[in-house]
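Below is one structure, written out as structure tokens, with a few remarks after it.
Nothing in this text is a laboratory measurement; each read-out follows from the coordinates by a stated rule. Everything numeric in this text was worked out from a predicted model, so none of it was measured. Cβ coordinates were reconstructed from backbone atoms using ideal geometry, including for glycine residues, and neighbour counts include every protein chain displayed.
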Amino acid sequence: MILPAIADFAAALPRHGALAGLDLGTVTIGVAISDTRRMVASPATVIKRVKFTQDAAALLELCARREVVGLVLGLPLNMDGSRGPRVQSTEAFARNLEKLTPLPITFWDERLSTVAAERVLLAADTSRKRRDEVIDQVAAGYILQGALDRMGAGGMNVG
């Protein structure tokens, strides 16, 4: 079930349970997972993209293992807020995923999430090789944390 409005998404969630944030790339899917009280997003893993069915199976297996109750997909809007081909691709991924899982799905504006992740990794003096390995999951953490903060600030994060 796709719920574009974050308030509707929050209302559809059980009281407690982890959320997963996704940074969908063409080569990888960065995944971050929150704690069950939905306060903190932590980078979790990177799924190497193969084709949708395998990508979705890997993602849903991870969600089942980590007891995820909802998904937040980064929405790659252009810097001016317009919607380009990457937004269409993300929405198509969500529509296809929706057919495979009852988990509520929402979107979060991911503009600058990769830039912020890169800055943090540079500040931590992370090697280029290591940055390349973790950038997508760190970006997913920024996406998920933004949604968690919004749900908490809006009084939507009951707990």
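Structure notes:
- Annotation: amide H of ILE33 within the under-5 Å range of GLY21, SER42, ALA44, sequence separation 5 or more or interchain, hydrogens built in the peptide plane.
- If only the Cβ of Lys and Arg carry +1 and only the Cβ of Asp and Glu carry -1, the dipole of the chain around its Cα centre is close to 220 debye.
- GNM result for the chain, Cα springs below 10 Å: residue of ALA11, ALA64, ALA147 fluctuating most strongly: ALA64
- Take every pair of alpha-carbon atoms less than 8 Å apart whose residues are at least six positions apart; their mean separation over the length of the chain yields a relative contact order of 35 percent.
- Computed extension length for SER89-ARG150: 19.5 nm, one decimal, from 0.36 nm per residue of separation with the Cα-Cα distance subtracted.
- On the principal axes of its alpha carbon atoms, the range 1-80 extends 37, 34, 23 Å, with the longest extent given first.
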